[in-house]
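Undergrad: If you scroll down you'll find the structure; I have some questions about it.
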Amino acid sequence: MSTLAHTMMTAARSADSGLATPGELDRYPYAEAPGTDRGAAWDTAEPDLGRVGRRTAGSRGRGLHGQLVQQLGQMIVSGDLGADRPLVPEEIGQRFEVSRTVVRESLRVLEAKGLVSARPNVGTRVRPVSDWNLLDPDIIEWRAYGPQRDDQRRELSELRWTIEPLAARLAAGHGREDVQQRLTDMVEIMGHALGQGDALTFARADNEYHSLLIQVAGNRMLEHLSGIVSAALQVSGGPVTGCERPNETSLAHHARIVDALAGGDGAAAEAAMRQLLTVHPEVERVVPAPREH
């Protein structure tokens, strides 16, 4: 168990930090777009969103910039700021009581996620859902805790059924003793956490387990999708899979996969993963509160 701190790596998330260059800042002019109705963009906003500092959950430790990205992203994804809605940087700064630099950096991040676009003489506007990067871990999370929660969790479950059984089968042909040992360690940690009733440690080890499995599959494109699996595991709730039920059955499926990998049996590893991902219809679909970061 001494390797726990070393092996439990935080799942990779989208790179949405970093300061904008002067050229990037100039892309978000402070002048209002022609015809903009001041304050209209915030008519449906929640009353308690008036100040960034009041809501720290989801800020990911990135200060006002991270918090503003979180809040604007949630408002766009939830539909509070509909498609083609103009976003006036000055109005945002006044509403959330942040500097123009914070606003511009935040809009830059949201543009990278496909949520907004900034164009000369047009200003910054919300883009339609078809333009969003729906595989971005932040957008996955925002959808999972908004009005689209059921669709998001269903889509994540279906996507995991496509990614992980294949990864398990491929991983059986890439035996690496170091990764095999780490997978075994994760199963042991999950077992210990289950006995202690420690759901948080169980979830962290589970996350590491699935990330490792995809990494050892030997397919770089699959590895690139590991963030989706990580986000799906962190955004728990209905529909519920075996991974999201810390019990002996779930633990046994994880162990079976490890045994199949050790034996080079791709078919068995794939079958065990499918069993692990099987939806349990008898479990009530619970929508939890957003996790703390």
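Undergrad: Would you kindly state how much longer the chain becomes between residue 178 and residue 130 on full extension, computed as 0.36 nm times their sequence separation minus their alpha carbon distance, in nm to one decimal?
TA: 13.1 nm
Undergrad: Which FRET efficiency value, to the nearest 0.05, is calculated for residue 112 and residue 262 with the Förster distance at 30 angstrom and r the Cβ-Cβ distance?
TA: Computed FRET efficiency for residue 112 and residue 262 comes out at 0.15.
Undergrad: Continuing with this model, one more query. Suppose every K and R has +1 on its Cβ and every D and E has -1 on its Cβ; what is the size of the dipole of region 121-207 about the Cα centre, in Debye to the nearest 20?
TA: Here the size comes out at about 280 debye.
Undergrad: Another question, if that's okay. Could you sort 144-157, 204-217 so that the peptide with the highest average Cβ count within 10 Å comes first and the rest follow in order?
TA: Most protected by this proxy first, the peptides run 204-217, 144-157.
Quick note: the coordinates plus some simple rules give every number you see, no bench work behind them. If you're wondering where the values come from, they're calculated on a predicted model, not measured in any experiment. Positions of Cβ are generated from backbone atoms using ideal geometry, with glycine treated the same way; all protein chains shown enter the neighbour counts.
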